[in-house]
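The values are calculated or read from the model by the stated rules, or taken from the named source; none is laboratory data. What you see is a predicted model; the values in this text were computed from it and never measured. Cβ placement follows ideal geometry from the backbone for every residue including glycine, while neighbour counts extend to all protein chains displayed. What goes into the accessible areas is simple: the full protein's heavy atoms, side chains included, and nothing from ligands, DNA or RNA. Shrake-Rupley method; radii C 1.70, N 1.55, O 1.52, S 1.80 Å.
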Amino acid sequence: MTHSDQIEVHPAWLPAAAFRALGSRRVLVRGEGQLVDTVTGEIEQACARYGGSRRRQRQGEAGADLDGSRYELVLALTRAHPLPSAAVGVVERGALGDEGFALTRRDGATAVLADEPAGLLYGLFHVARLGEAAFAGSRPVERHLPATPLRMLDHWDNIDAHPVMGQVERGYSGGSIFWEDGALREDLARVRAYGRLLAACGINRVAINNVNVHASEAHLLTDRLGDVIAIADALRPYGIRVHLSVNFASPIALGGLPTADPLDAQVRAWWEETTRRVYESVPDFGGYVVKADSEGQPGPFAYDRTHADGANLLADALAPFGGIVHWRAFVYDHRQDWRDRSTDRARAAYDHFAPLDGQFRENAILQVKYGPIDFQVREPVSPVIAAMPSTRLAVEFQVTQEYTGQQRHVCYLGPLWSEVLGFRPWGPEESTVAQIAVASGGGLVAVSNVGNDPFWTGHPMAQANLYAFGRLAWDPQLDPTAVLDEWIDLTFQPAADSGGAKLRDTLHAMMDESWLVYEQYTAPLGVGFMVHPADHYGPSVDGYEYTQWGTYHFADRDGVGVDRTQASGTAFTGQYPKAWSEAYESLEQCPDELLLFFHHVPYTHLLRSGSTVIQHIYDTHFAGAERAAEMRRAWEEVEPGGLVTPALYARVRERLDEQVRCAQEWRDQINAYFFRKSGVPDERGRRIY
Ligand code: GCV
C-alpha cells in the first residue's frame, strides 16, 4: 500500500502472500455483521489475487451451496442456520465466547466456527498463519480462546507536536499515524491498515492519545470528539475499540468549574454528561486511561482524595455505557532529593495503591507497569501485582523501546515479557503474573511502537515486538521463540528451501537473545537508568545520579547498587510475598541479574556465577558489544533482493551500524567508569580507557 506522500508502506506481517493458501481455495463465509463483512472482503481480495472463489451466504439464504463438500474452507457463525455440512457437530454453540473460534479439518474441508463475528475474524488470521498447513490432512477440533478480553495498546501520541517530546512521546518511528501538525490526518488509510495488523495478532483496544494529556488533546473529550469518531470508524472493521487518555482536571480546563474534586457533585455531573456525549458519538467507546498525580499530571491528591476516589469518579460515569477506566499505578515523587537515601521510588506504587485494594469499582482497572521503576531492561516484577487480590489489574509493557534501544538496536522483547508473565509472585506452584491479571478481570496493555514510518516501527525488526505483544496478550503461555518464527513466516514468507531456511536462521541468531545482549552492554545486574537524561538513549552513568528522579546506582570507590533490604536499606524487599521477599533480601539467594537492584555490594563480591561483580561488568560489556558486531556480520550475509527487499535490507544495515557504534560506547564508558571508581583491573587485561 502507499500513503499520502507516496512512500511505499511495508506490509509487516500481512503481505499479500500471507493469504496465498486460502486465496487459492473455494471458500464459503456464512454469517452477518460488520466483522463478517471484513472477513469476506479479505477473502475476496485474496481470491482475486490467487485464483480461488468465495461465496457469502447470509442468514435465510438456503440452497444446495450449503453443502460444505463444495468448499475447501468454510467460515461460519455457529448461529448460522442451517450450518454448512463441514461445520455441523463441530462445537456446541455458545462455547466460543465473544472472540474465540474453533478450527477443524475433515473430508477435505477446513472449517472455522465462531459464536460471534470477532471470532471469525481471528479465525481467518489464524488460517493465514497456518498457510498450506491449514489445508493438509485432517485436524481434530481445536478451540482458540483469548486468555483475556483486554488486549490493549496505548499510544503516547500528541495532536500538537510537543516542544520537547515531539509528535509521539518516546516514539521512534516518525510521526503519529493519527495526527500531524495539530490536526487529525486527512487520510486515515494507515489507521485502517494498523487496525488490520493489530487484529491479525490479537489486539482489540487502542488508546489513541498520550497519557500526558496536554491542552489540545484534552479537547478530544468534548469539542474534538469528531477526531475520535473518525478513528473509531477506521478501526471498528477490525474489531478494535477506541479509548481516550483524559486529564483529571478536565472539569476545570474544559468545563469551567472551580474544582476537579472527585467527590464534588458538579464535577461528578460534568463527567457523567461528558461521558454520555462521548457514547452518543461512539457507542462502542472503550473508556478512559488516566495518569494522575504523576510526573506533573493533575490528580485527586490536590483535593486530599485517594486514587480510588479518583478512579471511581470516572468509573461511575462510564458504567452505564459498559466503559472501563484504566487508572495507572505509575505514581511516585519525581521531585525527590538525591541526598535522601530513605525515599525509594521502587516502593511508591505499592505504598500508594496496596492500601486501596478492594476500594475500586467493578469497571476500574489498575494499570501497573511490569516493574517497580520504569520499563528498564531488567527489573523485578512489580510487587503491586501480588498485593491487590481484590482489584482488577492490567500489566503494562512497553513495546516502544524507550529504554531498550529506541528501535535503533535489535532487541526482541518477547522473552522479557514472557518471563514476567510466567513469574510466580507467591512462589513456586502458585499463580503466574498472567494468571493473576486474567483472574482479576484485568488484562495486558502495552505502549505502542508504531508511527508513520514506512516500516511502521523504524527498525523493521521492531515489528516483531508489536506482533509478539499481541500474540502473548492472546495467549501468555506461547513460547516467544515460536512467536518469532510465526512473525518470520508471515513477514518474509520464507520457503523451506535453503534460502528460506538460511534467512530464518539468521533472524533467530540475531533476535532470539537480543534482549540479553542489550542487557549485557548496557545495564549490569539490575542497575538501571545509566542513560542520558531526557532522551534516555546511550550511556551516561551519572546522568541521573544527582537528580530529582529517584533513579540512582550509588556507585562509590568500594561498591555499587541500591540497598533495598529490610535489614539495612529501604525495605522494598518487604513488599513481596514471603518466598520472594526472603530471596531478594538474601545476598546468597538474590538472582545475579537483580543483585544491584536489591543490594549495595563491594566490587569484589562473588556472584552466584562464580565471577566478581567488577569482572562481570567487564566481561558482559565486552561480550555484549562483540555480539552486537556479530549481528551486523550475520546481516551482511543476507542477500538483498530475494526475501528481503533492498529497502528493508538497507534500513536494518543502517540501524546495525548505529547499534554497533552505540554498544561500543556503552562498553567503553561503563568499563572505564567502574575501573576508575574501583581501581580493579580486568583480569583478562583488555583495553579499558
Ligand atoms: C508518558 C516514563 C517516560 C515518560 C512517560 C512515563 C509514563 O517516565 O519517560 O515519557 O510519560 O514513563 O509512563 O507515564
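Quick look at the values:
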| quantity | calculated |
| --- | --- |
| Residue selected from region 293-305 under the condition assigned to a loop (DSSP other than H, G, I, E, B) and over 28 Å from the mean Cα position of the chain (by Cα), by the criterion surrounded by the fewest Cβ atoms within 10 Å (Cβ to Cβ) | D304 |
| Residues (small (G, A, S) and crowded, with 19+ Cβ neighbours inside 10 Å) located in region 640-689 | A663, S678 |
| Search result, residues across region 319-330 that are surrounded by fewer than 24 Cβ atoms within 10 Å (Cβ to Cβ) and either of a type in the set (V, I, T) or in contact with a strand residue (DSSP E or B) (Cβ under 7 Å, 6 or more places away or on another chain) (or both) | G323, F330 |
| Some residue of region 164-181 being more than 30 Å from D227 (Cα to Cα) and of a type in the set (S, T, Y) | no |
| Residues of region 394-441 that turn out to be touching a helix residue (DSSP H, G or I) at 6+ places or on another chain (Cβ under 9 Å) and either aliphatic (A, V, I, L, M) or within 16 Å of the ligand (Cβ to nearest atom) (or both), as a count | 18 |
| Selection within region 311-348 - in a helix (DSSP H, G or I), of a type outside the set (A, V, I, L, M, F, W, C) and within 16 Å of the ligand (Cβ to nearest atom) | R345 |
| Search result, residues across region 167-176 that are within 11 Å of the ligand (Cβ to nearest atom) and surrounded by fewer than 24 Cβ atoms within 10 Å (Cβ to Cβ) | E169, R170 |
| Residue match in region 127-148 (condition: within 16 Å of the ligand (Cβ to nearest atom), touching a helix residue (DSSP H, G or I) at 6+ places or on another chain (Cβ under 7 Å) and either part of a helix (DSSP H, G or I) or of a type outside the set (D, E) (or both)) | no |
| Residue in region 391-398 that is open to solvent by less than 50 Å² (accessible area, probe 1.4 Å) and farther than 27 Å from V242 by Cβ present | no |
| Close pairs from region 322-342: first at pLDDT below 95, partner away from the ligand (no atom under 16 Å from the Cβ) and open to solvent by 10 Å² or more (accessible area, probe 1.4 Å), Cβ under 8 Å, at least 6 apart | D333/T343; R341/F554; R341/T570; S342/T570 |
| Test: residue in region 432-455 that is at positive phi and among the aromatic types (F, W, Y) | no |
| Selection count, region 239-272, where residues are farther than 15 Å from I229 by Cβ and within 32 Å of the chain's Cα centre (by Cα) | 14 |
| Within region 356-381, tally of residues that are among the hydrophobic types (A, V, I, L, M, F, W, C), assigned to a loop (DSSP other than H, G, I, E, B) and either within 16 Å of the ligand (Cβ to nearest atom) or open to solvent by 20 Å² or more (accessible area, probe 1.4 Å) (or both) | 4 |
| The one condition in (1) of a type in the set (D, E, K, R); (2) away from the ligand (no atom under 16 Å from the Cβ); (3) buried (at least 23 other Cβ atoms within 10 Å of the Cβ) that D351 fails to fulfil | (3) |
| Those residues of region 282-292 which are open to solvent by less than 40 Å² (accessible area, probe 1.4 Å) and more than 16 Å from the ligand (Cβ to nearest atom), in sequence order | V282, F285, G286, G287 |
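Rundown of residues vs (1) over 30 Å from the mean Cα position of the chain (by Cα); (2) part of a loop (DSSP other than H, G, I, E, B), yes/no style:
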| site | (1), (2) |
| --- | --- |
| C590 | no, yes |
| D619 | yes, no |
| M631 | no, no |
| R651 | no, no |
| R655 | no, no |
| F674 | yes, no |
| Y689 | yes, yes |
